[in-house]
Amino acid sequence: MSDTKTTPQFSPEDLQRINAELSGKSPQDILKWAIDNVQGLYQTTAFGLTGMCALDMISKISLERNEIHLVPLVRLSRKAWGFDIFLDTLYHFKETLQLAETASETYLAELHTYRPPGVQTVEEFEAKYGKELWKTDEDAYDYLVKVEPAQRAYKELGVKAVITGRRRSQGADRQDLPVVEVDSTGLIKINPLIDWSFKDVRDYIDKENVPYNALLDQGYRSVGDWHSTAAPVEGDKSDGNERGNRWQGRNKSECGLHKDYFEMKKAFEEKHKAAEEVAMQKEAPVGV
Ligand SMILES: Nc1ncnc2c1ncn2[C@@H]1O[C@H](COP(=O)(O)OS(=O)(=O)O)[C@@H](OP(=O)(O)O)[C@H]1O
């Protein structure tokens, strides 16, 4: 995979202007702007509530613009934008995988699913990288299940920009997010629901009858891998921190997908190389 940084469609000055223009606009207006102005646009989603709102809004924009309500959405939408990228870490809850299927059927959306390099199943992953890698080396885990597959997807599909489901009210690293940003690889990230609260997304889902992860009915507010998503505790509303059930007890609030790609890759490769050298030394016959 080439690691050359691509030239973003927007200069820093463009970005400043665009963010000023889009500030305070509705998610639908931000999405319309993105569809009209951004090339190579896809949505990256783990089918969180926010991503589901965005998916529903995009479909409605497509319908509204074409004014033909009986043509399958897939054909209309395909004209307007790319499609969904789903990074299957192999450790998602079955409810999330079920929702991925329901969402792509409901919206006739074409799902591009990417898995860790060279493997298709948990068994293959664990045979190659060991059991519970998220405990023994969480950075390597993040790199293998999210960061590398995402870069592979972007390259293979020609993705230049992604719509994400991040919101400022999710706190931690997200409280100062801009609407449009460019990451270190030149990828444009658009965060259309940036100003919405958890209640706003929940209300939209209910009002528009949007499919959602069945775990929400069990009290989950944020859903990631099963091994890093704690089950809700009765009576705990965690209103201030909707992602408080993720990576509990660990100093971690992001999965790596929204961190610096080059730094993650370098750290992974250096560690990997060192591990290989140790393994080779062990294998070398005594005296060599
Ligand atoms: N597995 C996977 N595949 C594709 N895209 C993904 C994935 N995980 C995270 N994302 C993108 O990041 C958005 C925020 O997700 P989370 O709040 O769950 O946080 S985290 O990224 O896991 O740290 C998330 O928002 P949603 O669309 O609401 O799911 C996506 O835009």
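Evaluate the following for T185: is it within 26 Å of K265 (Cα to Cα) and surrounded by fewer than 19 Cβ atoms within 10 Å (Cβ to Cβ)? The answer is yes for T185.
Of the residues that sit in segment 151-167 and are within 12 Å of the ligand (Cβ to nearest atom) and not polar (S, T, N, Q), which one is surrounded by the most Cβ atoms within 10 Å (Cβ to Cβ)?
Initial filter on segment 151-167 (within 12 Å of the ligand (Cβ to nearest atom)): 153-154, 159, 162-167.
Then drop every residue that is not not polar (S, T, N, Q), which leaves 153-154, 159, 162-163, 165-167.
Working: A153: 19, Y154: 24, V159: 22, V162: 26, I163: 30, G165: 22, R166: 20, R167: 25.
Here the answer is I163.
Note on segment 188-213: residues that are open to solvent by less than 20 Å² (accessible area, probe 1.4 Å) and of a type in the set (D, E, K, R) total 1. Remark: pairs (first residue in segment 34-57, on the phi > 0 side of the Ramachandran plot and part of a loop (DSSP other than H, G, I, E, B); second residue open to solvent by less than 20 Å² (accessible area, probe 1.4 Å) and near the ligand (Cβ under 6 Å from one of its atoms); Cβ separation under 8 Å; 6+ apart in sequence or on different chains) = F47/F86.
Out of the residues in segment 14-70 that are of a type in the set (D, E) and away from the ligand (no atom under 12 Å from the Cβ), which is nearest to S222 (Cα to Cα)? Only one residue tops the list, namely D29. Of Q151, Q170, all but one fail to be closer than 25 Å to T113 by Cα and either hydrophobic (A, V, I, L, M, F, W, C) or in contact (Cβ under 8 Å) with a residue 60 or more places away in the chain (or both); the exception is Q151.
Of all residues in segment 101-114, those that are crowded, with 18+ Cβ neighbours inside 10 Å and within 13 Å of the chain's Cα centre (by Cα) total 1. Among the residues of segment 1-38, the one identified as open to solvent by less than 70 Å² (accessible area, probe 1.4 Å), charged (D, E, K, R) and at pLDDT below 85 is D3.
Restricted to segment 168-182, and to residues that are closer than 23 Å to M264 by Cβ and either of a type in the set (D, E, K, R) or away from the ligand (no atom under 13 Å from the Cβ) (or both), which residue is most open to solvent (accessible area, probe 1.4 Å)?
Out of the qualifying residues, it is D176.
Just to be sure before I move on: is K265 within 23 Å of the chain's Cα centre (by Cα) and at pLDDT 90 or above in the structure I sent? Yes: the conditions hold for K265. Please specify each residue of segment 121-150 satisfying the condition of being within 11 Å of the ligand (Cβ to nearest atom) and β-branched (V, I, T). If the condition is that a residue be within 11 Å of the ligand (Cβ to nearest atom) and β-branched (V, I, T), then V145, V147 are the ones that fit.
The values are calculated or read from the model by the stated rules, or taken from the named source; none is laboratory data. Not measured: the values here are computed from a predicted model. Quick reminder, even Gly has a Cβ in these numbers, built from the backbone with ideal geometry, and neighbours come from all protein chains shown. SASA here: full protein model, heavy atoms, side chains in, ligands and nucleic acids out. Shrake-Rupley method; radii C 1.70, N 1.55, O 1.52, S 1.80 Å.
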